[in-house]
């Protein structure tokens, strides 16, 4: 068994690109890969559980924790705050496990500033039309929120070239295999 230092992998890309599905599939193949639970000020969706899906908190509590330096990254996204608690990252890395963060593009660059050795991976949709279709099929978006997410996606796509790796999620099995290879290659280096 090869020895390696635990690495932090940051997975980001536009809303609806399939980040969550890819991360779940990768973690099935690499169960030792740690995953943080993000914090958010948005309301839970049906079936989401506090402390499992997200750490749901009030805006006041979130901002108090920001002021206390408790986040490795945080951002205002789609009208709510999202962030990764530093304690979540430290817990995984100190346990000797590589870690995967599924976060917004804004947060990825904050992580890069505080943890320069983090590996940033951008998940790209095959096209904006495909992204629109995926977001529409979720059934969680109003027409206004759909347009906001698509406008944000166009802005986020412009940052893909600042990432260490880019995976196009045009075929789930292929994209998952590519992401697994990226993780394995970076853990060896």
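None of the figures in this text is laboratory data; all of them are computed from the coordinates on show. Predicted, not measured: the structure shown is a model, and the values here were computed from it. In this analysis, Cβ positions are derived from the backbone assuming ideal geometry, glycine residues included, and neighbour counts consider all displayed protein chains.
If you count, for each residue, the other Cβ atoms within 10 Å and average over each peptide, how do 45-54, 4-13 line up from highest to lowest?
Highest-to-lowest ranking by the protection proxy: 4-13, 45-54.
Provide the FRET efficiency to the nearest 0.05 for the residue 35-residue 117 pair, computing r from the beta carbons and using R0 = 25 Å.
After rounding, the FRET efficiency stands at 0.85.
Which residues in region 84-121 have a backbone N closer than 19 Å to a point placed 7 Å from the Cα of residue 128 along the Cα-to-Cβ line?
Those under the cut-off are 105-106.
For the chain, set up a Gaussian network in which alpha carbons nearer than 10 Å are linked by springs, and say which option among 97, 127, 38 fluctuates the most.
Evaluated over the chain, the most mobile residue of the options is 127.
Over the chain, what is the percentage of antiparallel beta bridges among all DSSP beta bridges, to the nearest 5?
Just about 30 percent of them are antiparallel.
Multiplying the sequence separation of residue 46 and residue 136 by 0.36 nm and subtracting their Cα-Cα distance, what value in nm do you get?
Between residue 46 and residue 136, full extension yields an extra 30.7 nm.
Quick one: check the C-alpha center-to-center distance for region 143-157 versus region 29-103, whole angstrom.
Computed from Cα coordinates, the inter-centre distance equals 22 Å.
Once the Cα atoms of the chain are picked out, what are the Rg and Dmax in Å?
16.1, 51
Tell me the relative contact order for region 8-188 as a rounded percent, counting alpha carbon contacts under 8 Å between residues six or more apart.
Relative contact order, region 8-188: 32 percent.
Along the Cα→Cβ direction, 7 angstrom out, place labels at residue 24 and residue 151. What is the inter-label distance in nm?
Those two pseudo-labels are separated by 3.0 nm.
Report the semi-axes of the equivalent ellipsoid for region 1-103 in whole Å, largest first, where each axis is √(5λ) for an eigenvalue λ of the Cα gyration tensor.
They are 24, 17, 12 Å, listed from largest to smallest.
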